Amino acid sequence: MAVTGGAMFLFVIGHMAGNLKVLFGPEAFNEHPKWLRSIGEGLLGHGGFVWIARVGLLLSLVLHMTAAIQLARRARTARPARYQHRRPVQGSYAARTMRWGGVIIALFLVYHLMDLTAGWLNPVGDLENPYGNVTADFRHWYVSLTYAVAIVTLGFHIRHGVWSALQTLGASNGARQRVLRGVALGVAVAICAGFLAVPFSVLTGLVK
Amino acid sequence: MRLTLRVWRQAGPDEDGRLVDYAVDDVSPDMSFLEMLDVLNERLVLDGEEPIAFDHDCREGICGMCGMMINGVAHGPERATTTCQLHMRHFSDGDVVVIEPWRARAFPVIRDLVVDRGAFDRIIEAGGYITAPTGSAPDAHAIPIPKPDADKAFEAAACIGCGACVAACPNGSGMLFTAAKATHLGLLPQGQPERHSRAVDMLATHDALDFGGCTNAGECAPACPKGIPLESIARLNRDVLRATVSGAHKPR
Amino acid sequence: MRYVEGAPIADTAAPGGPIETRWDRHRFGTRLVNPANKRKLTVIVVGTGLAGGAAAATLGELGYNVLSFCYQDSPRRAHSIAAQGGINAAKNYRNDGDSVHRLFYDTVKGGDFRSRESNVYRLAQISVEIIDQCVAQGVPFAREYGGLLDTRSFGGAQVSRTFYARGQTGQQLLLGAYQALARQVNAGRVKMHPRTEMLDLVVADGRARGIVARDLVTGEVTTHLADAVVLATGGYGNVFYLSTNAKGCNATAIWRAHRRGALLANPCYTQIHPTCIPVSGDHQSKLTLMSESLRNDGRVWVPVRAGDTRPANQIPESERDYYLERIYPSFGNLVPRDIASRAAKNVCDSGHGVGPGGLGVYLDFADAIRRLGKPAVEAKYGNLFEMYQRITGEDPYEVPMRIYPAVHYTMGGLWVDYDLQSTIPGLFVVGEANFSDHGANRLGASALMQGLADGYFVLPNTIGGYLADGPFDPVPADHPAVTEAETGVRDRVARLLAVNGDRTVDSFHRELGRLMWDHCGMERSEEGLRKALERIPELRQEFWERVRVPGDGEGLNQALEKAGRVADFFELAELMCVDALHRTESCGGHFRAESQTPDGEALRDDERFSYVAAWEYAGADEPPVLHREALDFEYVTPSQRSYK
C-alpha cells in the first residue's frame, strides 16, 4: 500500500505542477505534454517515457487497489459480527473514509481519462489543444464541482495516506509523530490548492 | 440516578444473542460501572433470571480482565480508564447505556459480555519474550540502560492485554497489542538478539489468528486504557521491514 | 477450647550448621533428577502468579512436563499483577549498610519473631539473584540517569533496597514470569489450562498425584494426573469479602488440600494494609490499595478535635494531629503496616476519623509538594494520584487523600517444610499460599520477593529431591482416589445448584466478611472471637439451605464459581477464628485486645507462643488438631518490637 501509494503520490505532484502551467497561458500549457513526450527521447523514442510512466502507474494502481481490497476483506473476516451501537468517528475523518474515498477517486479517474486524455467526453476534444479542452470543461459549473469533490477526496486520501505510509514504513516515532502528521496535512492542503487553482481560475475568468 | 441498560445477552458461544433492556434504579455516583452491574445481577438472581456474565478480576485497572463496549466506546467514555475504574459519576440520570462485548473473530464470545482472548497469549508465545532461562542472568548492573530508553520501554510494557485496541479498531486488528510488546522488549539491550525474529514471528501469528490488518486508522490508541502510543506500531513495522529486507528471518 | 492437641512437628527438613551455608549445603544434599528422566515426569502447577508462573516456567526450562492451571482467561492476569510498591533485594547498590544479613534481620524482626530463621535467611540470599533474573528478562525497573537501577526505602526499612517499576512493579515482574512461561508453552514444555479451577486434590497411595478441576467454560469436571502437584494459589484475604485481593482470589485449592491432609499454618495472621481508599457505600465490591510508598512523602493526620467536620484545607496546622509522627518519632509515617493500621483504627475509634462514616484518615502531600515541587511529586506518585482521583473524584494535589486500612495479605497458609513440601508427600506450596517466610507480619515489598524466590529458585531445586524417586506408577483413571474426588466435586456442584433458596451468594459473603472484619480483623478479643465462632457455623448452615445459584453446571456460570469459593471460606473462617482464639498473645498482624502493653502496643508472649500453629483437619464438625512447630532463634534475639 505504502509503496504503490508513494509512486502515485509522486505522479500527483508532477501532474499538479503541469496543471499550474495553465496560469502562464495556452502556449506554456500546451508545451507541457510535448515536453513530457520528449523526455529521454534519444533512448526511449518519442513518448516512450510517458508510456513507461503509464504502465508503472497502472501497475501501482492495480496493486494499490488489490491491497486495499485484501485489507477490507481481512477487516470483514476479523469482525464477522458487527457492533449494534458504535460511536461513528473517533480517529481522523480522513482515516475512516479511505476506502470509499478510494472508490470515488477511482471512478473520477475513469471519467477524467475519458475526458481529458482520450477526449471522448470533452466538449472540445482536440488532443492537440489541451488548453482549450480544460478551459471548455471548467466553464461548466457541474464539471468544476465534480472535479472539486474528487480533489477534496484525494486530499483526504493523501492526508491519511502520507502519514499512514510513513507509519507503515516505520519512519514515525514519538518525537516525529506530530511533525509527520503536520507534514501530511500540509502536503494534502497544498495538493488540493494546486489542483483547485485551475477550475477556480477558469471560473473566475483569470484564465480564458 | 436511574439508568436504562441495553445489554448484549448471549447464552453460549454458538447461540444467537440480542440486546436486552434493564432499568436500574438507585445508581450511586460513587459506584464503579461493574458495581452497578453487580447490583443488577443480584436483583436478576433473586428474580429468577440468569445474571449477566462479564469478565473482571482485580477491579483496580491492572489485570486487564474486564472490558466491554459502553455506548460504542471500548471501556466507556473516560479516557485512559478501564471499565472497572469507570465510575457512575460520569453518567447522568435517565441515560441509556448500551453494553456489548468486544467483537472480533479472534475474540469469540463465550457468554454475554465474556470473550475468549486466548489469541493474545498465542501472539506472546510466538516470541513476546526474552530468552533468559532462570539462573543464567548476569548482575543486574552489568548493562546500564539509559533512563529514557528504560522509560520508553516501560511505557509500552504497561499494556494490560485487555483487547480494547482490537475492539475499537475498524479493521479488528491487534497491532497495537503486538507492537507494545515488540516495543517494550525491542528498546532494551537485553531484547536486541531476538528483536527482529520477535517482530516477524509475533506479526505472522497475529495475521494467522484472523486479526485484521492495520490501516493506521488511529482508533486503538485513544481507546487504550494504558495510553500505549500509536508510534509503537511504526516501531514494529520498522523491525519487520528490516528483517524482511535483510532476509534475516522468516516467520517460523 | 475447640481444638485437640496433636503431636508437635519434629522435622522441618531444615539443615543445621552456619546459617550462611545452609541453603548451599541443603542443595548439595538434595538428590538430582537424571535429565533423561525429567522428560518422563509431569508436574502440575496451580496458579500463575509470581510464584506459580515462575515455577512453571522454570520447571519447563529444566525439562519437566508441566501442566499449568489458572482460573483467569490468561496466566498474565494473576493478582500478583496488582502489587504496586516494589521488591526488596539485599543488593546494597546504595552502599547504605544493607546486606543479606540485614534483610534477614529486618524480615525476622518485621515478622515479629514468628518465622523460621533458615527460611528467611535463604530468602534474603536469593533476593539478590531475583533482580538479576528479572532484569535479564526485560523487566523495565526504574533507572537513574546514569542508567543504573533506582531503589527506594519502603515500609519499615531504613535502607534503600526496594527496586520498583513506577507503581506497577507487580505487573512488570508478573509479565516477566508470564513471558518466560509463554516461551515454555511455545517450546511444548508447558501445557496451559486457563479458565480452569482446581476443586480437589487427588491423593493416591499417600502421594499427591493430581487435581480435579472444572473447566469454567464448558463446565466439564476432569482429573489431571502427575508426579507432583504445586499449589501457587495465593492468599485467602477474600474471606473478609472486602479486601485488596482480586474478586476471584479464593482459598479453595488450599482448603481442599487441607481437607485432604495438608496442615494449615497460622491462619489468623492476616495483614491489614494501612493505605487503602476508604469504603464509599454498600455497593462496595472491593478495596483499592495505594502503594505505601506514599507514606515516604505523605504525612498522616486527623483533626485534633473529635468530630471535626471542617474540610481538611480549613483545619489550621495547630489543630492537626500528625499522630504517627507524634507516637513514633523515630519512624514517623514509615512505621510497619500493622502498626500504622492499628493506629488509624484507634484514632477513628476515638471519633477523629474523616470522610463518610468517620472511617478514614488524611494522607497529606501539601508539604511534599512545597518541598519537592509538583512535578517531582507527580513523577513519583502520578499514577497513584490519578487512580485515587478516578475512584474518589477528588484531586490529591489539592486536598489530602483519605485512607483507611484494608485486608491485604495473609501470612498464614499451608504448612511447608524447608523444601516447600506440605505434609502430603508430593504436594508443594509456593508463594502466598504457603505460610513460610513472613511470620506474623510481612514487610512491604517482600511478597514479590518471596513469590519469585519460591518460584524461580527454591522449588525448582527442592522438588527434584522428591521427583528423584519417580516417575511413580501411573494412577489409573478408575483408581478409588480419583473416582472419589471426582464424584465429590460433581456432587458438590449439584448440591449448590439444587438449594435454589432466596439469598444470593454475595449476600452471604458480605455477611461473613463483616463478621470476620469485626471480630477477626485488626483487633481480636476472646469475646468477639467466641461470638464469631458461634455465628459462622449458623451462617454456613443457612448458606447451604438458602443460597440461590441460578443456571446449571454445563457452561460458564460465575455465580456457581463464587458459591463454591464462599462455601470454602466459611470453613476456613472458622479455623481462622479458632487459631486467633488459641493464640492469646499479640504478634504482628494478630492483635489480641487482651495482650497489649500499657501504652497499647502489641505484647508478644514468647514463653508460650514461640511456635507455628499447624492445624490438621479432623473431619466436618470435628475440632481441628493443633500441631506445634517450635521456633528457635539462634541469630536474631527476639525483642519487643519498638518503632518509637
Exercise for the section: Using only alpha carbon positions, build the gyration tensor of the range B:118-246, then give the equivalent ellipsoid semi-axes as the square roots of 5 times its eigenvalues, largest first, whole angstrom. Expected result: 25, 16, 14
Exercise for the section: Straight distance only, please: which lysines reach the Cα of residue C:40 with their own Cα at less than 25 Å, same-chain residues fewer than 8 apart left out? Expected result: C:191
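Hey, got a sec? Which chymotrypsin sites (Phe, Trp or Tyr not before Pro) in the range A:116-208 land in a DSSP loop and have at most 15 other Cβ atoms within 10 Å? Could you put the intermediate results ahead of the total?
Working: sites: A:120, A:131, A:138, A:141, A:142, A:147, A:156, A:163, A:195, A:200; in loops: A:120.
The qualifying sites are A:120.
Over chain C, calculate the relative contact order: mean separation of alpha carbon pairs under 8 Å at least 6 apart, over the residue count, as a percent.
Working: 1416 pairs, mean separation 138.8, N = 644.
Here the relative contact order equals 22 percent.
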Practice task
About the Cα centre of the range C:273-408, how large is the charge dipole given +1 on each Lys and Arg Cβ and -1 on each Asp and Glu Cβ? Please answer in debye to the nearest 20.
Solution key: 200
Practice task
Could you tell me the distance between the Cα centroids of the range B:18-37 and the range C:485-513, to the nearest Å?
Solution key: 25
Practice task
Report, in whole Å, the centroid distance computed from the Cα atoms of the range C:536-572 and the range B:146-162.
Solution key: 41
Handout entry: Radius of gyration and maximum dimension Dmax of the range C:273-408, Cα, Å
Key = 13.8, 40
Problem - Rounded Å value of the spacing that divides the Cα centres of the range A:141-173 and the range C:326-370 - result: 60
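Can you give me the Kirkwood hydrodynamic radius for the range A:140-182, using every pair of distinct Cα atoms, in Å to one decimal?
Numbers: mean 1/r = 0.0846 Å⁻¹.
Roughly 11.8 Å, rounded to one decimal.
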Completion exercise
Rounded to the nearest 10 degrees, the helix B:231-246 long axis (Cα) sits at an angle to the longest Cα principal axis of chain B of 40
Fill in the blank from the handout: Ranked output for segments B:111-117, B:86-92, C:263-269 by mean other Cβ atoms within 10 Å, highest leading, reads C:263-269, B:111-117, B:86-92
Practice task
Give the relative contact order (percent, whole number) for the range C:480-603; include only Cα pairs under 8 Å separated by 6+ residues.
Solution key: 31
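Can you show me the helix-derived [θ] at 222 nm for chain A, built from DSSP H runs with n ≥ 4 at -39,500 (n - 2.57) apiece and divided by the number of residues, rounded to the nearest 500. Walk me through the numbers on the way to the answer.
Working: 9 runs with 154 residues, N = 208.
Calculated mean residue ellipticity at 222 nm is -25000 deg cm²/dmol.
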Handout entry: Dipole axis of the range C:480-603 (+1 Lys, Arg; -1 Asp, Glu on Cβ), positive-most option in C:555, C:598, C:573
Key = C:555
Completion exercise
In a Gaussian network model of chain A with springs linking alpha carbons closer than 10 Å, the residue among A:167, A:70, A:84 that fluctuates most is A:84
Exercise for the section: About the Cα centre of the range C:480-603, how large is the charge dipole given +1 on each Lys and Arg Cβ and -1 on each Asp and Glu Cβ? Please answer in debye to the nearest 20. Expected result: 300
Problem - Positive dipole terminus of the protein assembly as shown, leading residue within A:152, C:505, B:48 (C-beta point charges) - result: A:152
Practice task
Quick one, could you list the DSSP H helices from chain A stretching 30 Å or more along their long axis (Cα atoms) with average Kyte-Doolittle hydropathy of 0.5 or above?
Solution key: A:48-78, A:141-168, A:174-204
Exercise for the section: Determine by what factor the alpha-carbon radius of gyration of the range C:1-57 differs from 2.2 N^0.38 Å, reporting the quotient. Expected result: 1.72
Problem - Relative intensity, log₁₀ I(q)/I(0), of the range B:3-110 from a Debye sum that treats every alpha carbon as a point, q = 0.15, 0.18, 0.23 Å⁻¹ - result: -0.63, -0.93, -1.53
Problem - Where chymotrypsin sites (Phe, Trp or Tyr not before Pro) fall in DSSP loop in the range C:97-154, at most 12 other Cβ within 10 Å - result: C:145
Completion exercise
Computed over chain B: longest principal axis from alpha-carbon atoms vs helix B:33-46 long axis, angle to nearest 10 degrees, is 50
Practice task
Run down the lysines and flag those whose C-alpha is under 16 Å from the C-alpha of residue B:181, throwing out any fewer than 8 positions away in its chain.
Solution key: B:152, B:226
Exercise for the section: Measure nothing fancy, just the Cα-based angle from helix C:337-349's long axis to the longest principal axis of chain C, in degrees from 0 to 90, nearest 10. Expected result: 60
Handout entry: Two-decimal log10 I(q)/I(0) for chain C, as the Debye equation yields it once each C-alpha is a single scatterer, q = 0.06, 0.08 Å⁻¹
Key = -0.30, -0.55
Practice task
Please tell me the relative contact order of the range B:3-110 in percent, rounded to the nearest whole number, where contacts are Cα pairs under 8 Å and at least six residues apart.
Solution key: 33
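Could you state the per residue volume, in Å³, of the convex hull enclosing the Cα atoms of the range A:54-106? Present the calculation step by step, with values, prior to reporting the outcome.
Values: hull volume 4.7 nm³, N = 53.
Residue-normalised Cα hull volume stands at 90 Å³.
Let me know the mean shielding of B:101-107 by other chains, meaning the per-residue number of their Cβ atoms within 10 Å of its Cβ.
On the way: counts 2, 2, 8, 4, 6, 3, 2.
Shielding by partners across B:101-107 averages 4.
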Handout entry: Net charge dipole size for the protein assembly as shown [Lys, Arg +1 and Asp, Glu -1 on Cβ; Debye, nearest 20]
Key = 3720
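By how many nm would the segment from residue C:640 to residue C:478 grow when fully extended, if each residue of separation counts as 0.36 nm and the alpha-carbon distance is taken off?
Working: separation 162, 0.36 × 162 = 58.32 nm, distance 5.57 nm.
Extra length available between residue C:640 and residue C:478 comes to 52.7 nm.
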Practice task
Order these peptides, C:12-22, C:378-388, C:559-569, by their mean beta-carbon neighbour count within 10 angstrom, highest first.
Solution key: C:559-569, C:378-388, C:12-22
Handout entry: Two-decimal log10 I(q)/I(0) for chain A, as the Debye equation yields it once each C-alpha is a single scatterer, q = 0.07 Å⁻¹
Key = -0.26
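Is there a simple number for the mean count of other chain Cβ atoms within 10 Å of the Cβ of residues in B:157-167, and what is it?
Details: counts 9, 8, 3, 6, 6, 1, 0, 0, 0, 2, 2.
Partner-chain Cβ atoms within 10 Å, mean over residues of B:157-167: 3.
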Practice task
Give the peptides B:54-60, C:169-175 in descending order of average Cβ contacts within 10 Å, highest first.
Solution key: C:169-175, B:54-60
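Could you calculate the FRET efficiency of residue A:59 with residue A:204 from 1/(1 + (r/R0)^6), where r is the beta carbon distance between them and R0 is 60 Å, rounded to 0.05? Intermediate values should be presented prior to the final figure.
On the way: r = 38 Å, r/R0 = 0.64.
Step by step, r from the Cβ atoms, then E = 0.95.
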Handout entry: trypsin sites (Lys or Arg not before Pro) lying in DSSP loop within the range A:1-104, provided at most 15 other Cβ fall within 10 Å
Key = A:82
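Summing Lys, Arg as +1 and Asp, Glu as -1, what charge do residues with Cβ under 14 Å from the Cβ of residue A:172 carry, residue A:172 excluded? Don't skip to the end; give the middle numbers.
Numbers: positive: A:176, A:178, A:181, B:235, B:238; negative: B:231, B:239.
Residues close to residue A:172 contribute a combined charge of +3.
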Handout entry: Number of partner chain Cβ atoms within 10 Å, mean per residue of C:170-181
Key = 5
Completion exercise
Highest GNM mean-square fluctuation among A:135, A:77, A:117, for chain A with Cα springs under 10 Å, belongs to A:77
Fill in the blank from the handout: hull vol. (C-alpha, convex hull) per residue for the protein assembly as shown, Å³ -> 194
Completion exercise
Taking only the alpha carbons of the range C:1-101, the radius of gyration and the largest Cα-Cα distance, Dmax, both in angstrom, are 19.3, 53
Handout entry: Beta bridge orientation in chain C: antiparallel %, DSSP, nearest 5
Key = 65
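Only the coordinates and a few stated rules stand behind these numbers; no lab work does. Quick caveat, the model's predicted, so the values are computed rather than measured. Ideal geometry is used to build each Cβ from the backbone, glycine not excepted, and the neighbour counts take in all protein chains shown.
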